[in-house]
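Below: one structure, written as structure tokens.
The values are calculated or read from the model by the stated rules, or taken from the named source; none is laboratory data. Given the structure is predicted, the values throughout are model-derived calculations rather than measurements. All Cβ positions, even for glycine, are placed from backbone atoms using ideal geometry, and neighbour counts span all protein chains on display.
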């Protein structure tokens, strides 16, 4: 029976959210009608919307800009206080606290406006609603949405911040914990290790969750996609060059500078290029960092800084031979240290048969070891030897990667289980 299914996504980056894209496509293919309440912003690439089923997917692009007059008043007060601070009538610490709280208040007004717009556009009744992350649950509450069962879809981990100034964080965390205890049917999360962390930081009792890795779909077009020459043309590479791809971000969280330093000073046995491909446009600060990366990577590194549409991602991943899934293992942010099945690029690599070189992090190591997808490294300094090891038995690792994706790890397998439930 056809159902009405809602999805609340405050973060708005739909074009780089494969789990959400897959979920929308899958349920519309099952003859359900999907209503997406998406925060809109000029910086978001939302071209993916044009690929959705026109009759079964309704996307509401909702501005997040809150009450203009109230925010104008807040800005005016801040300007006055700034002048007072410069005249030493108010302490710097006091001014900074007021400024911080004012920015939080403006964010709160944005969330309230987003929720208000959802309320105006919502269906009379939804059978299910997927609330994405903490702010999805908060917007559900503030919009007073009329829905049946609520499914919490966790993409990011949000901690309760201890500072007394973090009042907005405390409000939305309190709501999240209440929803998890009283209202949520179940939580969708990427793997068991990540669930153990989510459970701890949200004081969850029991194990009411279902696995949904940040994977890609196994669609009928997959067999027809030929090996891509995207990077070979872009950088005028010799056809015999082995491309080792690090897709996604270029930053210290994924050890970009450290990797570039290591490979910049290494003499590979075969023609080898490491390519960093960026998923979003860079701001000025990031451009300065990237230039440092370019310098230390020398001739062994190519930087691909122009993002491609989600529908064209196959040209990126299918143009490489090996995939890097490297993260800073000393990073205290468990969004990274527990990345595991939340790493979207991992699944894109293996979809196209790319062996993996991954950091020794619990979730990642388990996936790579279980299916023998490639090599685990303790630090970026081991990457060149890992490349040599994979090249010495390339077809074995490549076959394992493709087979694991087709038989065990594509997201449709997990969506089938979810569809049975709802």
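I'm trying to understand the selection: among the residues of the stretch 290-316, which are surrounded by 13 or more Cβ atoms within 10 Å (Cβ to Cβ), assigned to a loop (DSSP other than H, G, I, E, B) and free of Cβ contacts under 8 Å to residues at least 60 places away in the same chain?
Within the stretch 290-316, 305, 308 qualify.
Filter the stretch 12-39 down to residues that are farther than 20 Å from residue 311 by Cβ and in contact with a strand residue (DSSP E or B) (Cβ under 7 Å, 6 or more places away or on another chain), then give me how many there are.
Residues in the stretch 12-39 being farther than 20 Å from residue 311 by Cβ and in contact with a strand residue (DSSP E or B) (Cβ under 7 Å, 6 or more places away or on another chain): 5 in total.
Looking only at residues that are within 15 Å of residue 59 (Cα to Cα), modelled with pLDDT of 85 or more and not in a helix (DSSP H, G or I) in the stretch 99-130, which one is farthest from the chain's Cα centre (by Cα)?
Top of the filtered list is 126.
From the list 357, 376, 422, pick out the single residue that is modelled with pLDDT of 95 or more and either under 13 Å from residue 213 (Cβ atoms) or surrounded by fewer than 20 Cβ atoms within 10 Å (Cβ to Cβ) (or both).
Sole residue among the options that is modelled with pLDDT of 95 or more and either under 13 Å from residue 213 (Cβ atoms) or surrounded by fewer than 20 Cβ atoms within 10 Å (Cβ to Cβ) (or both): 376.
Could you check residue 260 against (1) part of a helix (DSSP H, G or I); (2) under 21 Å from the mean Cα position of the chain (by Cα) and say which number it fails?
Status for residue 260: all satisfied but (2).
Those residues that are assigned to a strand (DSSP E or B) and more than 18 Å from the chain's Cα centre (by Cα), I need them from the stretch 13-36; list them, please.
Those that are assigned to a strand (DSSP E or B) and more than 18 Å from the chain's Cα centre (by Cα): 33, 34, 35.
Cβ-Cβ distance below 7 Å, separation of 6 or more or different chains: which pairs start in the stretch 241-267 with a residue that is outside the structural domain of residue 388 (by TED's automatic domain parsing) and end on one that is assigned to a helix (DSSP H, G or I) and surrounded by fewer than 21 Cβ atoms within 10 Å (Cβ to Cβ)?
none
Does residue 152 fit the bill of being in a helix (DSSP H, G or I), touching a helix residue (DSSP H, G or I) at 6+ places or on another chain (Cβ under 9 Å) and assigned by TED's automatic domain parsing to the domain that holds residue 26?
Judged against the criteria, residue 152 is not a match.
Just the residues that are part of a helix (DSSP H, G or I), modelled with pLDDT of 95 or more and surrounded by 15 or more Cβ atoms within 10 Å (Cβ to Cβ), please, taken from the stretch 202-233.
Answer for the stretch 202-233, where residues must be part of a helix (DSSP H, G or I), modelled with pLDDT of 95 or more and surrounded by 15 or more Cβ atoms within 10 Å (Cβ to Cβ): 230, 231, 232.
Which members of the stretch 1-27 meet the condition of being surrounded by fewer than 23 Cβ atoms within 10 Å (Cβ to Cβ), more than 30 Å from residue 278 (Cβ to Cβ) and in contact (Cβ under 8 Å) with a residue 24 or more places away in the chain?
Matches in the stretch 1-27: 2, 3, 4.
Criterion first (touching a residue at least 60 places away in the same chain (Cβ under 8 Å) and within 24 Å of residue 274 (Cα to Cα)) does residue 326 satisfy it?
Criteria met by residue 326.
Would you please name the residue that is surrounded by the most Cβ atoms within 10 Å (Cβ to Cβ), looking only at residues in the stretch 40-55 that are in contact with a strand residue (DSSP E or B) (Cβ under 9 Å, 6 or more places away or on another chain), assigned to a loop (DSSP other than H, G, I, E, B) and at pLDDT below 90?
Per the criteria, the residue is 44.
For the stretch 263-289, which residues satisfy the criterion of being surrounded by 19 or more Cβ atoms within 10 Å (Cβ to Cβ) and either outside any strand (DSSP E or B) or over 21 Å from the mean Cα position of the chain (by Cα) (or both)?
263, 272, 273, 274, 279
I'd like to know if the stretch 240-253 contains one or more residues that are at pLDDT 95 or above, under 30 Å from residue 421 (Cβ atoms) and part of a loop (DSSP other than H, G, I, E, B).
No, the stretch 240-253 has no match at all.
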